[in-house]
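Read through the structure below, which is laid out as structure tokens, and then see the notes.
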Amino acid sequence: MEAIFVILNSQCTKECPYCFYNTGHQKKRQQYLTTDSIMSFISPLKMKGLQSVILTGGEPLLFKELPVLIENLAREGLYSLLITNGDLLTDEKIDEITQKGISSISVSLHIEKDDEHLLEDKMFTTSSKISLPLTFIFTLTIPNYKLAGKAVKIAKKLGRGLILQHAFIPHYSKQFKELSLRHLFNERKDLFKKFREEILEWSNAYNCIEYANLFLSFFSGRKEKPQFCPMGTDIMVLNCDGKLVPCFHREDLHLGNIFNDDISSIVENRRKFSNILCNAECFGEHCVSLFA
């Protein structure tokens, strides 16, 4: 196993309409994790090949023990990535987590309208504050998707990483017609050509052509899938209540709970479910929205 997502909480400083918690795709959980409980589980996983820990939420900067957790991960020699919306990423906080040993930061660009100046300001301001490796995550919806090409140009100019991902809006969500690109391009196929060109420009610049083809396939009607899915094999997810799942979207496959189950049984369950998930039989639009 190479990496683990640790969902430190489900609380956030924002109420993004496309968030899984707000669309009804996932339910918020109680937070029981502490630095001690996380490290007690993660440290032995190094012997099983664990290399990277991805800290997310909710908003992980609301997790009070975050600096101590980062310090512990660094002491173990583990690569740590913080995924944040940036609201609480003050100069003081950046200095603190940098000193504690965070490896890299990903900042979500919450631009909810077609506003180039707002996009430029957030990307340039954020980049100027962070000396660490930085990747921007831009979640695309109907109100902001025309900014995709602009985001690519700015990120390249800054020498920063950029992830473009579309918001997965379940068809039953009240925001589906308002936000879903799948809905838009089904209704307006004439708008898809330029969008496709911008996504391919991004994928060539950032060497993610395979992902871009999966991304675009859901808007062109092909609905492709990868030959291999790493979730459950190379990656697993630790929820803030201590429950472990092989994938964000497969909570029906329960690996165990770090507060109740021993590591050997969790690893054995992961091995069993890996055989179910690795061929990507359950791959869908929801998976493409989680490229991180």
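No value in this document is a laboratory result; all are computed from the given coordinates. These numbers were taken from a predicted model, which means no experiment stands behind them. Note: ideal-geometry Cβ built from the backbone for every residue, glycine included; neighbour counts use all protein chains shown.
The alpha carbon centroids of segment 178-196 and segment 213-292 are separated by 28 Å.
Charging the Cβ of each Asp and Glu at -1 and of each Lys and Arg at +1, and nothing else, the dipole of the chain about its Cα centre rounds to 700 debye. Size of segment 143-292 from its Cα atoms: along the principal axes, largest to smallest, the extents are 52, 38, 28 Å. In segment 103-224, one over the average inverse separation of all distinct C-alpha pairs is 14.9 Å, which is the Kirkwood hydrodynamic radius. Taking a span of 18 Å or more along the helix axis (Cα atoms) and a mean Kyte-Doolittle hydropathy of at least -0.5 as the rule, the DSSP H helices of the chain that qualify are 263-277. Share of pairwise Cα-Cα distances greater than 27 Å in the chain is 42 percent (whole percent).
In the chain, the DSSP-assigned H stretches of four residues or longer account for a calculated mean residue ellipticity at 222 nm of -11500 deg cm²/dmol, using -39500 (n - 2.57) per stretch and the full residue count as denominator. I need to check one value: relative contact order of the chain, counting alpha carbon pairs closer than 8 Å and at least 6 residues apart, in percent. 18 percent.
Evaluate the Debye formula for segment 183-254 with equal point scatterers sitting on the alpha carbons, no solvent, and hand back log10 of I(q)/I(0) at q = 0.14 Å⁻¹, in q order, two decimals. Cα-only, vacuum Debye calculation for segment 183-254: -0.64.
For each pair in Lys129/Lys194; Lys177/Lys272; Lys122/Lys177, compute the distance between the two Cα atoms and list the pairs where it is over 31 Å. Long pairs (Cα-Cα over 31 Å): Lys129/Lys194; Lys177/Lys272. Cross-link pairs exceeding 20 Å between alpha carbons, from the set Lys64/Lys100; Lys156/Lys189; Lys14/Lys64; Lys93/Lys153: Lys156/Lys189; Lys93/Lys153.
DSSP beta bridges fully contained in the chain are about 10 percent antiparallel. On a per residue basis, the convex hull of the C-alpha atoms belonging to segment 55-143 measures out at 89 Å³. By the Cβ-Cβ criterion of under 4.7 Å, the unpaired cysteines of the chain are Cys12, Cys208, Cys229, Cys240, Cys247, Cys278, Cys282, Cys287. Dipole size of segment 121-218 about its Cα centre, with +1 on Lys/Arg Cβ and -1 on Asp/Glu Cβ: approximately 220 debye, rounded to the nearest 20.
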